Amino acid sequence: MGLKPDHWIKKMALEHGMIDPFVENQVREGVISYGVSSYGYDFRISDEFKVFTGYSNSTIDPKNFDTSAMQDFKGDICIIPPNSFVLGRSVEYFRIPRTVLTICFGKSTYARCGILVNITPFEPEWEGYVTVEISNTTPFPAKVYAGEGLAQVLFFEADDACSVSYADKKGKYQKQKTIGLPKL
C-alpha cells in the first residue's frame, strides 16, 4: 500500500470522478488553502453546520443520540462555542475506489488556534459528502470559514482490492448528502 502523489489524485478525480467538484491546484490567496497538494487533497467545509448546544441536558449517547442537542446553522462563518463542537459537511463529494483508503487530518491553520478536526477514514468504495466534527478546545468562541480549506485527505492505494468494501457491507453512512448524525 502506498501514499499517492498529486498527479495520481488529479487523474483519479478527473477521469473517475473521485472528487467533485475538484480543484486541480491549491488555492491560497486570502483563504485557508484548499485543492490538490503534494500528496493529498485539502477539502472545503460547506456553509451547513449543526452546532452542539447541550440544551437537552442528557447524556451524549452514540446509540441513542438526542438530536435536540444540535441546532442547524447556515452561513459563511460558523462560531463554535467555547469547549464545544460543531458538525459540518464537505463541499466536495467523494467516491473512493475499491483499492483505496484515505486518512484525514485537520489543517494546521486551525490546529494552531485550538480548533481540531476529527474525521474517520474513508473506506474503499465509500462515497458521499464528508461529515466533519470540528472541536473548539479553547475557552473562547472560535470561527470556522465556510468555503475554505478545513482538512487534508491522504490517499493510500493497495496492491490488491479488499474482500469486502464499504459498499458491499451497505455501510450506514454510504452516499450521505447531508450532515450525518450518529446512528446504529
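State the Kirkwood hydrodynamic radius of segment 117-184 in Å, one decimal place, computed from all pairs of distinct Cα atoms. Numbers along the way, then the final one.
Details: mean 1/r = 0.0689 Å⁻¹.
One over the average 1/r among Cα pairs gives 14.5 Å for segment 117-184.
Figure the gain on full extension for D159 and R112 (residue separation times 0.36 nm, minus the Cα-Cα span) and round it to one decimal in nm. Each step should come with its number before you reach the end.
Numbers: separation 47, 0.36 × 47 = 16.92 nm, distance 3.61 nm.
So the extension gain works out to 13.3 nm.
Write down the Å³ per residue value for the convex hull defined by the alpha carbon atoms of the chain. Present the calculation step by step, with values, prior to reporting the outcome.
Working: hull volume 21.5 nm³, N = 184.
Per-residue hull volume (Cα only) is 117 Å³.
So what are segment 28-134's ellipsoid semi-axes, whole angstrom, largest first, if each one is the square root of 5 times an eigenvalue of the alpha-carbon gyration tensor?
25, 19, 12
Taking the Cα centre of segment 47-108 as the origin, how large is its charge dipole in debye, to the nearest 20, when only Lys and Arg (+1) and Asp and Glu (-1) carry charge on their Cβ atoms?
Numbers: 7 positive and 7 negative charges, 65 e Å.
Magnitude of the dipole: close to 320 debye.
Distance check, please: which entries in K4/K169; K143/K183; K63/K170; K50/K143 exceed 22 angstrom between their Cα atoms?
Numbers: K4/K169 26 Å; K143/K183 28 Å; K63/K170 19 Å; K50/K143 14 Å.
Table pairs above 22 Å Cα-Cα are K4/K169; K143/K183.
Using Cα-Cα distances under 8 Å and only pairs 6 or more residues apart, what relative contact order does segment 1-151 have, in percent? Could you put the intermediate results ahead of the total?
Details: 325 pairs, mean separation 42.2, N = 151.
With pairs under 8 Å counted, the relative contact order is 28 percent.
Packing-wise, with mean Cβ within 10 Å as the measure, how do 117-123, 145-151, 28-34 rank, highest first?
On the way: 117-123: 17.9, 145-151: 21.0, 28-34: 13.4.
Packing order, densest peptide first, comes out as 145-151, 117-123, 28-34.
Could you give me the ³J(HN,Hα) list for segment 10-20, computed from phi with Karplus coefficients 6.51, -1.76, 1.60 and θ = phi - 60°, whole Hz, x at Gly and Pro?
Karplus-based 3J(HN,Hα) across segment 10-20 equals 4, 4, 5, 6, 6, 8, 10, x, 5, 9, 8 Hz.
Using θ = phi - 60° and the Karplus curve 6.51 cos²θ - 1.76 cosθ + 1.60, what whole-Hz ³J(HN,Hα) does each residue of segment 132-147 get, with Gly and Pro shown as x?
Values, residue by residue: 10, 9, 10, 9, 9, 8, 9, x, 10, x, 10, 9, 10, 9, 5, x Hz.
Under the 0.36 nm per residue contour assumption, what length would be gained going from the current alpha-carbon distance of T67 and L3 to full extension? Before the final figure, lay out each step's value.
Values: separation 64, 0.36 × 64 = 23.04 nm, distance 3.77 nm.
Length gained, T67 through L3: 19.3 nm.
Read-outs: derived from the displayed coordinates by stated rules, not from any lab. None of these values were measured; they are calculated from a predicted model. We place every Cβ from the backbone using ideal geometry, glycine too, and count neighbours over all the protein chains shown.
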